[in-house]
Amino acid sequence: MSKSHLNPRVLFVITEDWFFHSHFLDRAKYIAASGGTVGVATRFSIHEEELRNLGFELFPVNFSRRGLNPITDFLTALKIRKIVRRFKPDIAHNVALKPVVTGTFGELLGRQGVVINALVGMGYIFTSTDTRASVVKPILSRILKSLLRSKPVHVVIENPDDLNSLVDDGFVRQSQISLIRGAGVDLNAFPFHPEVVGPVVVTLVSRILRDKGVLEFIEAASQLQAKVPEVIFQIVGEPDPGNPSAISQSEIDSWASLPNVKYLGRRSDIADILKGSHIVCLPSYREGLPKSLLEALSCGRPIITTDVPGCREVCDDGVNGLLVPARDSIALSNAIEKLAIHPELRQTMGRAGRVRAESEFSNEIVCAQTLDLYRRLMSQ
């Protein structure tokens, strides 16, 4: 294998720098430490200086995240084509639905050699049941099938459910798809801690979106307030106005009137928050592989999540947590009550979760799998 194959030039194309920072920074640093070169094409709002100081080449791209706009998306694709021709990557790695569509189109125009498309979570269009999403989904499906089956394209998916669906539904050939399970978790940054003494704290770490199950979490808190009033429901995360599933600020403000709910907003000390928690919850409608649950496992916290693609990949029901149906606040409140009143069960599940994080979900595993895939595709 040539030196260039050992030390690839990788361009990450992703909508927001904070998402790159939370889900792909470890992989980018691993590539750079292995002798590779990293470029990042995204909207820079928080982490631009940090990423530049790491030696990455940065390319500002203001992705439109609201639906399909042929003119706007075509102009974005032309910008990515220009970036590809300037940076000359060995690998263009598109992350999430909008970069997959606009990025792949631009990269094909720029005659990019290897394109990796990471369809994390499948996006609002594939999870929403509203009229707008149902109209757009067939159009987007046709576009995706055309792009994903192109010769230089390889798809990376985070859970077996999505992998099988994409193959069975004809979006991609079996030879064009690989499974890398999530972003991984830094086991040292999220160390195991025994439970703290005090009232039970149930924590949800997520963007404040409807399709993350945030409203079901609030409903479960209301349902349990009379039964277990000492349990605290804690929400960590910030609104995402660019997402069609966003919850309004006025609705968020209304949570202040709920006696057992605390909204903490955006926080950077997630490991400390998990240390002070007893249960971690994510009632999402669909995920790729949720990083917040991996961090909970690493800290030794039992999880409650939904029986949907991505979430059930992390939760072994009855072993390291509990699975509930999506969009069902009553089942969610019952599961929370069960763990809230049984500390021994919580602690047993928490220990099992840490073992699973160590054996299956460490970031060392994910980083090595990603670089191995890059090198394999470049050698073909």
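The values are calculated or read from the model by the stated rules, or taken from the named source; none is laboratory data. In this text the structure is predicted, and so the values were computed from the model without any measurement. In this analysis, Cβ positions are derived from the backbone assuming ideal geometry, glycine residues included, and neighbour counts consider all displayed protein chains. For the accessible areas, the whole protein counts, side chains as well, though only heavy atoms, and no ligand, DNA or RNA atoms are used. Shrake-Rupley method; radii C 1.70, N 1.55, O 1.52, S 1.80 Å.
See the values below:
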{"item": "Note, ³J(HN,Hα) from phi for region 47-56, Karplus 6.51, -1.76, 1.60, rounded to Hz, x at Gly and Pro", "result": "10, 4, 5, 4, 5, 5, 5, 7, x, 7"}
{"item": "3J(HN,Hα) from dihedral phi, region 73-84, Karplus parametrisation 6.51/-1.76/1.60, rounded to Hz, x for glycine, proline", "result": "5, 5, 5, 5, 4, 5, 5, 5, 4, 5, 5, 4"}
{"item": "Backbone HN-Hα couplings from phi across region 213-223 [Karplus 6.51/-1.76/1.60, Hz, Gly and Pro as x]", "result": "x, 5, 5, 5, 5, 5, 4, 5, 4, 5, 5"}
{"item": "Mean Cα-pair separation over length for the chain, i.e. relative contact order, pairs under 8 Å, 6 or more apart, %", "result": "15"}
{"item": "Sulfur and carbon atoms: percent of accessible area, the chain [1.4 Å]", "result": "52"}
{"item": "Residues with amide H under 5 Å from that of GLY321, placed H, sequence gap 5 or more", "result": "ILE303, ASP316"}
{"item": "Whole-number D in µm²/s for the chain (Stokes-Einstein; Kirkwood sum over Cα pairs; 4 °C, 1.567 mPa s)", "result": "61"}
{"item": "Of the trypsin sites (Lys or Arg not before Pro) in region 256-308, those whose Cβ has at most 12 other Cβ within 10 Å and which sit in DSSP loop", "result": "ARG266, ARG267"}
{"item": "Structure-based [θ]222 nm, the chain - -39500 (n - 2.57) summed over DSSP H runs of at least 4, per residue, nearest 500", "result": "-12500 deg cm²/dmol"}
{"item": "Sparse-neighbourhood loop sites, trypsin sites (Lys or Arg not before Pro) in region 156-259 - DSSP loop, at most 16 other Cβ within 10 angstrom", "result": "ARG173, LYS227"}
{"item": "Out-of-range pairs (alpha-carbon distance over 26 Å; input LYS262/LYS291; LYS98/LYS275; LYS82/LYS151)", "result": "LYS98/LYS275"}
{"item": "Amide hydrogen neighbours beyond the local backbone of VAL155, cut-off 5 Å, H modeled", "result": "ASN117, ILE177, SER178"}
